[in-house]
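Q: Quick one: the structure is below, questions incoming.
The values are calculated or read from the model by the stated rules, or taken from the named source; none is laboratory data. Owing to the predicted nature of the structure, the values given are computational and were not obtained by experimental measurement. Note: ideal-geometry Cβ built from the backbone for every residue, glycine included; neighbour counts use all protein chains shown.
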């Protein structure tokens with residue numbers, strides 16, 4: 001029998017990404033708080049747009065995503081020609097690595113950074129380098145010190161996942177200013193909408209060649225199942241990424257839903273208010289129970305336990321009550337559980353389960 005081809009170097013070093021669990025054996029009443037999904041679901045406007053678009057699913061979608069790019073540009077005050085849309089922000093991250101990474105090049109990211117940074121880097125043949133954080137917060141000095149002539153990309157999620165910590169604007173500017181020529185700072189704004197009066201770095205990217213922003217419709221806009229994301233940056237970078245983008249990478253249904261969701265500013269405002277209120281409730285409850293957490297700037301809270309054994313014990317207890325959170329050992333935080341902020345009822349149920357665990 002003939003042997004299969006050998007994959008490119010780095011491919012077999014990729015650990016498979018595991019999404020948040022959604023089922024528990026023996027449990028039917030499940031509260032899923034493991035994937036940072038919007039507890040209110042998708043906006044009605046997006047659902048209606050998706051249903052209308054479904055009637056044309058036999059037709060190829062528009063290849064330039066003009067309607068969605070125009071909606072994004074209008075809401076955020078951007079040049080639509082400098083926007084690119086992908087299958088979630090994951091696809092855009094992957095394009096960036098395809099475009100700029102190869103053998104003997106490096107990608108930097110904070111040590112607790114999103115797992116896809118390392119996966120996409122290895123897939124492109126590059127070397128991912130996790131840079132130590134300071135108290136679960138990005139250390140700009142450490143990132144700058146780690147750059148070399150081989151560094152091509154620096155990924156920075158702000159707010160960060162899974163820590164939910166936040167890097168202030170002046171620190172992001174200092175990072176961008178300190179990077180060497182030929183290195184692109186990628187600001188992953190998957191959770192940017194959960195910080196009031198924050199543009200996620202769009203203003204910075206508007207005036208610099210070395211800053212690129214990625215965003216997603218999966219969190220605030222409740223379209224995780226549609227898989228839509230977008231990026232914004234220098235025209236030269238957009239032109240490169242468009243050469244990698246498949247001509248029909250987003251469906252008619254996904255494009256229609258995302259455009260409607262982006263224009264539904266009332267929905268986004270309501271979701272922000274809900275998240276802010278319930279995040280405060282959850283953080284206060286954790287503190288009352290003696291469970292540490294950093295101030296969260298996202299739609300989840302990272303709860304820190306005494307050690308991994310205690311974290312696993314709490315996780316198992318919550319599952320026995322049908323509540324699923326995310327044990328983030330894969331991120332290098334084995335003593336932590338990431339808990340999505342739910343709606344009022346979901347937050348109440350989580351707090352009651354945590355209280356019962358503490359009392360057990």
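Q: Mind checking which residues of the stretch 153-194 are more than 30 Å from residue 104 (Cβ to Cβ) and crowded, with 17+ Cβ neighbours inside 10 Å?
A: 159, 162, 163, 164, 165, 166, 191, 192, 193, 194
Q: Let me ask something else about it. Would a scan of the stretch 300-319 turn up a residue that is touching a helix residue (DSSP H, G or I) at 6+ places or on another chain (Cβ under 7 Å), part of a strand (DSSP E or B) and not assigned by TED's automatic domain parsing to the domain that holds residue 131?
A: Yes, the conditions are met somewhere in the stretch 300-319.
Q: Could you check, for the stretch 115-124, whether at least one of its residues is at pLDDT 95 or above and surrounded by fewer than 19 Cβ atoms within 10 Å (Cβ to Cβ)?
A: No, there is no match, as no residue in the stretch 115-124 is at pLDDT 95 or above and surrounded by fewer than 19 Cβ atoms within 10 Å (Cβ to Cβ).
Q: Another question about this same structure. Taking residue 162, is it touching a residue at least 60 places away in the same chain (Cβ under 8 Å), assigned by TED's automatic domain parsing to the domain that holds residue 139, over 25 Å from residue 68 (Cβ atoms) and in contact with a strand residue (DSSP E or B) (Cβ under 8 Å, 6 or more places away or on another chain)?
A: Taking the combined requirement at face value, the residue satisfies it.
Q: Specify which of the listed residues (68, 31) is assigned by TED's automatic domain parsing to the domain that holds residue 326, touching a residue at least 12 places away in the same chain (Cβ under 8 Å) and in contact with a helix residue (DSSP H, G or I) (Cβ under 6 Å, 6 or more places away or on another chain).
A: 31
Q: Of the conditions (1) part of a helix (DSSP H, G or I); (2) over 20 Å from residue 191 (Cα atoms); (3) free of Cβ contacts under 8 Å to residues at least 40 places away in the same chain, residue 73 fails just one. Which one is it?
A: With (1) part of a helix (DSSP H, G or I); (2) over 20 Å from residue 191 (Cα atoms); (3) free of Cβ contacts under 8 Å to residues at least 40 places away in the same chain applied to residue 73, the lone miss is (2).
Q: Give 248, 212 a once-over and let me know the one that is within 19 Å of the chain's Cα centre (by Cα), in contact (Cβ under 8 Å) with a residue 60 or more places away in the chain and assigned by TED's automatic domain parsing to the domain that holds residue 75.
A: Within the list 248, 212, the selection yields 212.
Q: Residue pairs, Cβ under 8 Å, 6 or more apart or interchain, first in the stretch 1-17 and over 9 Å from residue 122 (Cβ atoms) and not assigned by TED's automatic domain parsing to the domain that holds residue 116, second in a helix (DSSP H, G or I) and at pLDDT 75 or above. List them.
A: 15/115; 15/119; 15/330; 17/115; 17/116; 17/119
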